[in-house]
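In what follows, a structure is listed as C-alpha cells, so that the remarks can point back to it.
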Ligand code: SF4
Ligand code: SF4
Ligand code: SF4
C-alpha cells in the first residue's frame with residue numbers, strides 16, 4: 001500500500017511486513033503496512049528520577065521553561081536550533097527518552113560557556129544538569145560516547161603528560177584523531193597543516209596569524225611545538241595525580 | 001437609627017456584618033443555607049490559600065463574633081425576594097415572610113463551583129476516579145486520606161487538570177474568565193499529596209500557571225522545587241478509561257514536545273472554575289444591579305472609583321459575586337463594604 005505524502009511520516013514509524021497477522025486475522029497483502037502513532041504513551045519516570053536525584057541534577061526541578069538559557073546559548077543561536085537546553089530539561093524531567101534520543105547527535109554539543117547557568121532566573125545549574133542528562137543517556141546506551149567526552153579525555157591526557165596544554169598540539173592532535181591525514185615534516189615528524197589533506201577550515205585558521213603577521217605569536221607556537229614545555233618537576237607529580245584520579249574514577 | 005441588610009453569610013457577608021456590628025450598627029444578615037461560612041464551610045475546604053490556614057481558623061472568629069453580637073439579626077434559610085424604595089429607606093421582603101426597612105444593602109452573594117458534568121469529554125460522573133478538586137479537599141478534610149474511589153487504593157499517579165469550566169468559550173461566553181485560585185490550590189494540593197505520600201507522582205496539566213503576586217513562590221516554585229510536583233504543558237482534551245489496566249488516560253497534546261499524548265493516571269482531579277451563584281443572579285434582578293453581559297458577575301459603577309459601589313445608590317457589592325477572588329480579599333471587601341454602608345446611613349462612628 002502506498003503512503004501519500006510520505007515525507008510527512010518519519011521513517012522509523014513506518015512498519016512494512018510481507019506477512020502480517022493481527023488478532024489472528026491474516027491481513028497480509030493490502031494491510032501489510034502500518035504507520036505507528038506519534039502518541040506519547042507514557043513517561044519514563046525512572047530516567048527522570050535518576051537525573052533529578054543525582055547531586056548535579058537536582059536543580060532540574062526548578063526550571064519553569066522561560067528559555068532564558070536557550071536564548072543565551074551560543075550553540076543554539078549560531079549552530080543548530082535542535083540544540084536547545086530548555087527543551088532537553090523538559091524532556092528529561094518527564095522522562096521522554098525517545099525524544100532525547102532523537103537529538104543524540106546534537107545533545108553533546110555544549111561548549112560549557114555557562115551563559116545559561118549564569119543567567120537562569122530560577123537558579124537551575126543548566127550546564128551541569130545537561131551533563132547529568134548525557135551521563136544518564138550514555139549509561140543506558142542511548143547515546144554513544146559523545147565526541148566532546150572523547151575530547152575531554154584527550155585534553156586530560158595532554159595535561160597529565162605535560163602539566164599544561166599546548167594549543168597547537170592539542171588542536172592538531174585532535175584533528176588527526178578525527179581521521180584527517182596531516183602532512184608531517186620528515187625530520188621531527190611534526191604536522192604541517194598548511195599543505196596536504198588538512199581540512200580547508202584548518203588551513204584557513206592557520207593562515208590567519210600568518211596573514212596578520214603576528215610574528216611573536218607564530219614564533220611562540222612554533223617553539224612550543226618543537227620543544228614541548230613541561231611544568232617543573234611534572235614527572236613526579238604526574239604519577240601521584242594519575243593514581244589519585246584513577247582511584248576517583250575520573251579517568252573513565 | 002437606620003440599619004443595614006447584608007445578603008449572604010460567606011466570608012464576605014460575615015466580614016461586612018461583623019464590621020457593621022462593631023460600628024454599633026443594627027445589621028440583618030441573610031443566609032439561604034442553614035449554616036454560616038459559605039462555600040469554604042459548606043464544601044469542607046481543607047486548607048485555604050494563601051496562608052495555609054484551616055477554614056475554622058480564618059472564618060471561625062468571624063462566625064463567633066457575628067453570632068454573639070447583639071447588633072446582628074441572623075436569618076438562616078432565608079432569601080431576599082423583593083426590594084422597593086431608595087437609599088436610606090429600602091423596604092425589603094424576605095422569603096420567611098418578614099418585611100424590613102433598611103438604609104443600605106451589602107450584596108455578598110458569592111459564586112458557585114462549575115459543574116464538571118458540562119464538560120462530558122472529561123468523564124466526570126462516568127469514571128469514579130475522575131474527581132473534582134472540591135472532592136479532593138473533602139477527602140483530605142473529612143477522611144484524612146488519599147485514595148482512588150474505584151478501589152479505595154492509594155493512586156500511584158495523580159493528574160490535576162487545570163481550567164475546567166474556565167477560559168472556555170465552548171461553554172458559551174459565560175466562562176471566558178480565569179478562576180484565579182485553581183493553579184495555586186493545585187500547587188498546594190499537589191504539595192500536600194507529595195508530602196504525605198512521597199511515592200505518588202503528581203502531574204499538573206496547564207496552559208499557563210497563574211499564581212500571581214506573592215503566590216508565585218509558595219504555590220508554584222515550592223511545589224516543583226520542594227515537593228517534586230511535575231508540570232506538563234497542555235490542556236487535557238479528553239479522559240478515557242482502559243479496561244485492560246483499569247487506569248485512566250489523559251489525552252492532550254504536549255505543546256512543548258508537540259506530540260499527542262495519552263498518559264496513564266490513577267486519579268484525575270478537575271480544577272473547577274467559578275461562576276456567579278444562583279443567588280447572585282437572582283439578587284441582581286431584584287435590586288436592578290448591573291451585570292457583566294458575558295459572565296453575569298456583578299460590576300461596579302463607572303461613576304465611582306471604588307469597586308464596592310454598585311450602580312444603585314446605597315447598594316454595595318463585595319466579594320465573589322463580582323468574579324473569582326480569594327478568601328482573604330473577600331474579607332477585606334466585606335469590611336470595605338461595611339464602611340461604605342455605614343457612611344451612607346450617616347452614622348457617627350464612635351471610637
Ligand atoms: S533559564 Fe532556567 S528556568 Fe529558564 S528555561 Fe532555562 S533552565 Fe529553565
Ligand atoms: S554552557 Fe552549554 S548549554 Fe549553556 S549556554 Fe553554553 S553552550 Fe549553551
Ligand atoms: S487560575 Fe489557573 S486553573 Fe484557574 S482558570 Fe486561571 S489558569 Fe486555569
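Quick notes
- Restricting A:179, A:141 to residues that are more than 16 Å from ligand 2 (Cβ to nearest atom), at pLDDT 85 or above, in a loop (DSSP other than H, G, I, E, B) and out of contact with any helix residue (DSSP H, G or I) (no Cβ under 8 Å at 6 or more places or on another chain) narrows the list to A:141.
- Of all residues making up region B:161-209, the number that are more than 7 Å from ligand 3 (Cβ to nearest atom), in a helix (DSSP H, G or I) and within 14 Å of another protein chain (Cβ to nearest Cβ): 4
- Taking first residues from region A:110-124 that are away from chain B (no Cβ under 14 Å) and partners that are assigned to a loop (DSSP other than H, G, I, E, B) and away from ligand 3 (no atom under 16 Å from the Cβ), the Cβ contacts under 6 Å between residues at least 6 apart in sequence or on separate chains come to A:116/A:73; A:117/A:125.
- Selection within region A:196-210 - over 16 Å from residue A:222 (Cβ atoms) and exposed (fewer than 13 other Cβ atoms within 10 Å of the Cβ): A:197, A:200, A:201, A:204
- Extreme residue, nearest to residue B:123 (Cα to Cα), among residues of region B:256-286 that are within 14 Å of another protein chain (Cβ to nearest Cβ) and part of a loop (DSSP other than H, G, I, E, B): B:266
- Verdict on residue B:100 being touching a strand residue (DSSP E or B) at 6+ places or on another chain (Cβ under 9 Å) and within 22 Å of residue B:175 (Cβ to Cβ): no
- The test for being under 14 Å from the mean Cα position of the chain (by Cα), in a loop (DSSP other than H, G, I, E, B) and either outside the structural domain of residue A:135 (by TED's automatic domain parsing) or under 26 Å from residue A:49 (Cβ atoms) (or both) does not hold for residue A:111.
- Residue A:99 vs. criteria away from ligand 2 (no atom under 13 Å from the Cβ) and away from every other protein chain (no Cβ under 14 Å): no
- Only a single criterion out of (1) closer than 30 Å to residue A:88 by Cβ; (2) crowded, with 18+ Cβ neighbours inside 10 Å is not satisfied by residue B:256, namely (2).
- Residue count, region B:212-249 (criterion: surrounded by 16 or more Cβ atoms within 10 Å (Cβ to Cβ), under 26 Å from residue A:86 (Cβ atoms) and more than 11 Å from every other protein chain (Cβ to nearest Cβ)): 5
- Test: residue in region A:197-211 that is farther than 19 Å from residue A:155 by Cβ, part of a helix (DSSP H, G or I) and in contact with a helix residue (DSSP H, G or I) (Cβ under 8 Å, 6 or more places away or on another chain): yes
- Here residue B:251 meets each of (1) without any contact (Cβ under 8 Å) to a residue 60 or more places away in the chain; (2) under 25 Å from the mean Cα position of the chain (by Cα); (3) over 16 Å from residue A:95 (Cα atoms); (4) in a strand (DSSP E or B) with one exception, condition (2).
- Filter result for residue B:155 (under 17 Å from residue A:43 (Cβ atoms), out of contact with any helix residue (DSSP H, G or I) (no Cβ under 8 Å at 6 or more places or on another chain) and modelled with pLDDT of 95 or more): yes
- Residue in region B:94-114 that is out of contact with any helix residue (DSSP H, G or I) (no Cβ under 6 Å at 6 or more places or on another chain), over 30 Å from residue B:27 (Cα atoms) and outside any strand (DSSP E or B) present: yes
- Only listed residue being touching a helix residue (DSSP H, G or I) at 6+ places or on another chain (Cβ under 7 Å) and more than 14 Å from chain B (Cβ to nearest Cβ), chosen from A:4, A:76: A:76
- Between B:287, B:270, the distinction of being within 15 Å of residue B:87 (Cα to Cα) and surrounded by 18 or more Cβ atoms within 10 Å (Cβ to Cβ) belongs to B:287 only.
- Residue satisfying all of: in region A:55-73; touching a residue at least 24 places away in the same chain (Cβ under 8 Å) and more than 14 Å from chain B (Cβ to nearest Cβ); farthest from the chain's Cα centre (by Cα) among these: A:68
- Residue B:55 vs. criteria in contact with a strand residue (DSSP E or B) (Cβ under 7 Å, 6 or more places away or on another chain), under 29 Å from residue B:271 (Cα atoms) and buried (at least 18 other Cβ atoms within 10 Å of the Cβ): yes
- Residue A:118 being within 14 Å of ligand 1 (Cβ to nearest atom) and crowded, with 18+ Cβ neighbours inside 10 Å: no
The values are calculated or read from the model by the stated rules, or taken from the named source; none is laboratory data. This structure is a prediction, so every number in the text was calculated from the model and none was measured. Glycine also receives a Cβ, built like all others from the backbone with ideal geometry; neighbour counts cover every protein chain displayed.
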